[in-house]
1. If I ask for residues that are outside any helix (DSSP H, G or I) and under 20 Å from PHE198 (Cα atoms), which ones from the range 132-167 would you list?
2. Any residue at all in the range 176-197 that is touching a Leu at 6+ places or on another chain (Cβ under 6 Å), aromatic (Phe, Trp, Tyr) and outside any loop (DSSP other than H, G, I, E, B)?
3. Inspect the range 145-153 for any residue being of a type in the set (Val, Ile, Thr), within 20 Å of ASN40 (Cβ to Cβ) and either surrounded by 14 or more Cβ atoms within 10 Å (Cβ to Cβ) or at pLDDT 95 or above (or both) and give the result as yes or no.
4. Within the range 172-185, restricting attention to residues that are without any contact (Cβ under 8 Å) to a residue 24 or more places away in the chain and either surrounded by fewer than 18 Cβ atoms within 10 Å (Cβ to Cβ) or among the polar types (S, T, N, Q) (or both), which residue is nearest to TRP48 (Cα to Cα)?
5. For the range 140-158, does any single residue satisfy the condition of being aromatic (Phe, Trp, Tyr) and closer than 24 Å to THR179 by Cα?
6. Within the range 56-102, how many residues turn out to be closer than 23 Å to LEU119 by Cα, outside any strand (DSSP E or B) and either touching a Gly at 6+ places or on another chain (Cβ under 6 Å) or of a type in the set (Ser, Thr, Tyr) (or both)?
7. How many residues are surrounded by 21 or more Cβ atoms within 10 Å (Cβ to Cβ) and either without any contact (Cβ under 8 Å) to a residue 40 or more places away in the chain or among the hydroxyl-bearing types (Ser, Thr, Tyr) (or both) if we restrict to the range 69-123?
Amino acid sequence: MSTQSADTDRIAVVTLGDSISAGNPGWDPDPALREREGDNPQSQYQHWAALRDPRLEFRNCGVGGEVVEEIAARFDRAVPGTDVLVVQGGINDIVQGRSLEAAAQGLARIVERGLELGLGVVIADVLPWNRGWPQAEPRIRELNERITALAVYAEIEVLQFHDTLEDPELPGRMKPEWTADGNHPSVEGHRRLGEIAFHLPRDWEAQR
């Protein structure tokens, strides 16, 4: 599964998630959707992370609007030939009023499958949702608590997407300049996620 033996200077990273991974509304990994979503590759945290660390080769497997169950169904198509898996999802389960326990269990299964394949695995927590505030905030915080507990159990790290974009003066919301539409990060928001929040699994990298 790993590409490390082929090229020790390159690290293949698959980002498996929803619109936050995809880069909507400024970008989409599907060329057929870029006419609708926009054609600015800077609207991806992956773009900024790769500028910071040129070893990284990202495979963007984000699909807007998907719940965790749908994200998990794409696992086998997404991961071949990669070294690191970034798991991201859950906000659409909250939007659709789905079970947080089921969402957390789905994320746990994705993490477990990645670890079984010998991938380095990290998981992102759920961003603040300005347009859903304040009704959705308690569920976002509950799911993030479940994600943290999952990470502790699986001995992986959490990418702190929520706190990186939360406005310290307006808890539960992104700063206006960090969101494109109240739902998704702006280019500046993605820059912060890529430069501040994103990192490789530290234990995995130390063993390379």
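The values are calculated or read from the model by the stated rules, or taken from the named source; none is laboratory data. On a predicted model such as this, the values are computed, not experimentally measured, just so you know. No Cβ is skipped: glycine too gets one built from the backbone with ideal geometry, and neighbour counts run over all protein chains shown.
1. Within the range 132-167, the subset outside any helix (DSSP H, G or I) is 133-136, 155-160, 166-167.
Answer for the range 132-167, where residues must be outside any helix (DSSP H, G or I) and under 20 Å from PHE198 (Cα atoms): GLU155, ILE156, GLU157, VAL158, LEU159, GLN160, GLU166, ASP167.
2. Within the range 176-197 (the criterion being touching a Leu at 6+ places or on another chain (Cβ under 6 Å), aromatic (Phe, Trp, Tyr) and outside any loop (DSSP other than H, G, I, E, B)), the answer is yes, since at least one residue qualifies.
3. No; the residues of the range 145-153 include none that is of a type in the set (Val, Ile, Thr), within 20 Å of ASN40 (Cβ to Cβ) and either surrounded by 14 or more Cβ atoms within 10 Å (Cβ to Cβ) or at pLDDT 95 or above (or both).
4. Filtering first and then ranking leaves GLU177.
5. no
6. The total comes to 7.
7. Matching residues across the range 69-123 total 4.
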